[in-house]
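Everything below concerns the one structure shown next.
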Amino acid sequence: MTAIYANSRVDEASRRAFLYEGQLFVLPPCPSSLALCEFARGLIQEAFGTTDPREAQRRIAVEEYAAILADLKPRFIHHPQSKAYLRGILSQHGCDLSKTYFDVPRLRSSTSDGYLTTGIAYAWHPHRDTWFSAPQCQLNWWMPVYDMLENDGLAFHPEYWSEPVANDSHIYNYYQWNKVHRSAAAQQLKQDTRPLPRPVQPVRIEPQIRPVCPAGSIVLFSAGQLHSTVPNTSGRTRFSIDFRTVDIDDVASKRGAPNLDAACTGTSLRDFISATDFSRISDEIVSLYNDGTESAGDLIYEPNRSEGHASPIPVWKRID
Ligand SMILES: [Fe+2]
């Protein structure tokens, strides 16, 4: 059973507990989320000049479009104002700022009719964020920048909350990804050749849940949810913002959603900053998540096919 709590008044600790059990929340727009949307719309419009950003895909060659996004997205991510808006959103939605850590907000785009679905505008196949080294207590905050439709957002596949999905997340090491592949997004125009974990079994896409909400609303869900990008058939590009949070007590006690099938290595916890003073999570706490690949910037991935397994067992070898 998956419940959707819309405009719920439950307190934040209960909300987290429900999210770790697989429930979904849709939070109403708040002053800071609306301000962040307006700020993002300003940057987006500036990047596309006089063209309506949602219509620009009809008028611009895909290479030029990808180049605009490649410039726009990092500017949004690293803009100092973005962090301030996030703090406001977290506070207005009941989070204890002294215990909440967040990562940088990302600006996403989903073009219509398959115009650009790779690299800088990747259309996500069904996945759990926990296949990408997210901690089990991570919560995802997803917000449309313009009012959204049923055919341009994201979908959840709730049957898999309690059912493992065979996947190749063992190929993914967070440190190696950052070192080698992250910066290559803008070059992936036709096909995405980066090693992104994906299901290695057929996934039942139905039943699925598609939240539909106005700009500034937030879809809040556990990183353990299987979710995907809805193929955009709206005729216009969707822009959205997402960021992730963790509660430091849950990080320290390793509380969170159950891990059914993630086999990736490394942790994204070093990316999170305090909502009060923007400091990082202490080494002492992060070290609870060490798995021996912490220096994987110096490691190489070698598929090991010698043991007769259907899918290769990864071996991380240190380069001396
Ligand atoms: Fe995701």
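The values are calculated or read from the model by the stated rules, or taken from the named source; none is laboratory data. This one's a predicted model, so the numbers in the text were calculated from it and none came from an experiment. Using ideal geometry, Cβ is built from the backbone for each residue, glycine included, and neighbour counts are taken over all protein chains shown. Accessible surface areas use protein heavy atoms only, side chains included; no ligands, DNA or RNA. Shrake-Rupley method; radii C 1.70, N 1.55, O 1.52, S 1.80 Å.
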Original post:
Accessible area per residue, 1.4 Å probe, Å², for the chain: what's the number?
Top reply: 44 Å²
Original post:
Which one of GLN57, PRO211, ASN7 has its Cα pushed farthest toward the positive end of the charge dipole of the chain, where Lys and Arg give +1 and Asp and Glu give -1 at the Cβ?
Top reply: GLN57
**OP:** Starting from the Cα of ILE4, step 7 Å along the direction of its Cβ; do the same at GLU21; then give the gap between the two resulting points in nm.
**Re:** 1.9 nm
Original post:
With labels modelled as points extended 7 Å from the Cα through the Cβ direction, what inter-label distance (nm, one decimal) is found for ALA61 paired with ASP242?
Top reply: 3.1 nm
Subject >> Rounded percent of accessible protein surface that carbon and sulfur make up, the range 5-152, 1.4 Å probe >> reply: 50 percent
Original post:
By how many nm would the segment from ILE209 to GLU163 lengthen if fully extended, with 0.36 nm per residue of separation less the alpha-carbon distance?
Top reply: 14.9 nm
**OP:** For the chain, build the convex hull from the C-alpha positions and give me its volume per residue in Å³.
**Re:** 135 Å³
**OP:** Take a quick pass over the chain and tell me how many lysine pairs come in under 26 angstrom between Cα atoms, counting only ones 8 or more apart or on separate chains.
**Re:** 9
Subject >> Segment THR233-VAL180, length gained on full extension (0.36 nm per residue, minus Cα span) >> reply: 15.8 nm
Original post:
For the pair GLN92 and THR276, what calculated FRET efficiency results from E = 1/(1 + (r/R0)^6), where r is the Cβ-Cβ distance and R0 = 22 Å, to the nearest 0.05?
Top reply: 0.90
**OP:** Provide the gained length on full extension for the span LEU288 to ASP52, in nm with one decimal, where the gain is 0.36 nm per separating residue minus the Cα-Cα distance.
**Re:** 80.2 nm
**OP:** Take each of the peptides 267-278, 129-140, 201-212, 240-251, average the number of other beta-carbon atoms within 10 Å over its residues, and list them starting from the highest.
**Re:** 129-140, 240-251, 267-278, 201-212
